[in-house]
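Beneath this line is the structure, given in structure tokens, with notes to follow.
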Amino acid sequence: MKVMVLSDVPCKALWDSSDPRAKLKDIDLILSCGDLPAEYLEYLATFTAAPILYVHGNHDRNYDTHAPGGCTCIEDSIYTYRGLRILGLGGSMRYNPNVTHQYTEKAMGFRVGKLWLKLLHHKGFDILLTHAPAQGINDGPDLPHKGFSCFTVLLEKYKPSWFIHGHIHMQYNANLPRICTYGKTTVINAYERYIFDIPDPS
């Protein structure tokens, strides 16, 4: 299964392409980590049959009135595609109390806690899809870019194969890795666009 992950800034190679269908023809699944224009995701949806699943970024309050058409929000749920279990938790650490899709550590932990029955039913998950990173895994020192410790707990408890996040722009730090590992989990920063292959669970 070929998976494309997106986050934070539209990929010019896709949005300005003269033939976007050709660039998307081999993609089986598209995962958005947030902070992307709804129009961009809708544009991609018109050129591919691959499902486009998304969580919210901290700048996606416009999604509340204009959710991207042809795409599926998987916030606070486990979405199964061809046997692949994908857990979605969008948003960032709260640094502006007047903005939606921002959470304190306690509030995000509450969201995770409410998932216990779904986690039990699905026997865990294969991909954790978030906007913010996990605490201590390539997050930033400032509050807006600090990761959630409850994400780290999820990785340690369920040991998913992949953790995909956005929010941390690659140009923030030349030493930031696109890919790293945390235990048995492959961690991918989805900034702009990244494509990778995974075994088809089905």
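Just checking, does region 128-137 include any residue being open to solvent by 40 Å² or more (accessible area, probe 1.4 Å) and not in a loop (DSSP other than H, G, I, E, B)? If you could, list the steps in order and put the result at the bottom.
Going through region 128-137, the residues open to solvent by 40 Å² or more (accessible area, probe 1.4 Å) turn out to be 135-136.
If we keep only those that are not in a loop (DSSP other than H, G, I, E, B) as well, we get none.
No, the conditions are met nowhere in region 128-137.
Those residues that are closer than 12 Å to Pro51 by Cα and not in a strand (DSSP E or B), I need them from region 1-37; list them, please.
If the condition is that a residue be closer than 12 Å to Pro51 by Cα and not in a strand (DSSP E or B), then Leu24, Ile27, Asp28 are the ones that fit.
Can you tell me how many residues within region 21-53 are closer than 24 Å to Met1 by Cα, open to solvent by 10 Å² or more (accessible area, probe 1.4 Å) and of a type outside the set (S, T, N, Q)?
14
Please specify each residue of region 45-81 satisfying the condition of being part of a loop (DSSP other than H, G, I, E, B) and of a type in the set (A, V, I, L, M, F, W, C). Reasoning before the result, please.
The initial filter retains those residues of region 45-81 that are part of a loop (DSSP other than H, G, I, E, B), namely 46-51, 55-60, 65-71, 74, 76.
Listed by number, the residues that qualify are Phe47, Ala49, Ala50, Val55, Ala67, Cys71, Ile74.
Starting from region 148-171, keep only residues that are basic (Lys, Arg), then list their pairs with residues that are open to solvent by 50 Å² or more (accessible area, probe 1.4 Å) whose Cβ atoms are within a distance under 9 Å, requiring at least 6 positions of separation or different chains.
What qualifies is Lys159/Gly183; Lys159/Lys184.
Are there any pairs, at least 6 apart or on different chains, whose C-beta atoms fall under 9 Å, with the first in region 117-141 and under 11 Å from Ile188 (Cα atoms) and the second of a type in the set (Lys, Arg), and if so, which?
Close Cβ pairs (under 9 Å, with a partner that is of a type in the set (Lys, Arg)) amount to Ile127/Arg85; Pro133/Lys146.
Sort out which residues of region 61-86 are among the hydrophobic types (A, V, I, L, M, F, W, C) and either under 15 Å from Asp35 (Cβ atoms) or open to solvent by 30 Å² or more (accessible area, probe 1.4 Å) (or both), and write them in order of number. Outline the logic, then answer.
First, pick out the residues of region 61-86 that are among the hydrophobic types (A, V, I, L, M, F, W, C): 67, 71, 73-74, 78, 84, 86.
Answer for region 61-86, where residues must be among the hydrophobic types (A, V, I, L, M, F, W, C) and either under 15 Å from Asp35 (Cβ atoms) or open to solvent by 30 Å² or more (accessible area, probe 1.4 Å) (or both): Ala67, Cys71, Cys73.
Take the conditions surrounded by 15 or more Cβ atoms within 10 Å (Cβ to Cβ) and over 18 Å from Ile86 (Cα atoms) and apply them to Tyr191. Does it pass? Give the derivation first.
Details: surrounded by 15 or more Cβ atoms within 10 Å (Cβ to Cβ): yes; over 18 Å from Ile86 (Cα atoms): yes.
Spelling it out, Tyr191 is indeed surrounded by 15 or more Cβ atoms within 10 Å (Cβ to Cβ) and over 18 Å from Ile86 (Cα atoms).
The values are calculated or read from the model by the stated rules, or taken from the named source; none is laboratory data. Note that this is a predicted model, so its numbers are computed, not measured. So basically every Cβ, Gly included, is an ideal-geometry build from the backbone, and we count neighbours across all protein chains shown. What goes into the accessible areas is simple: the full protein's heavy atoms, side chains included, and nothing from ligands, DNA or RNA. Shrake-Rupley method; radii C 1.70, N 1.55, O 1.52, S 1.80 Å.
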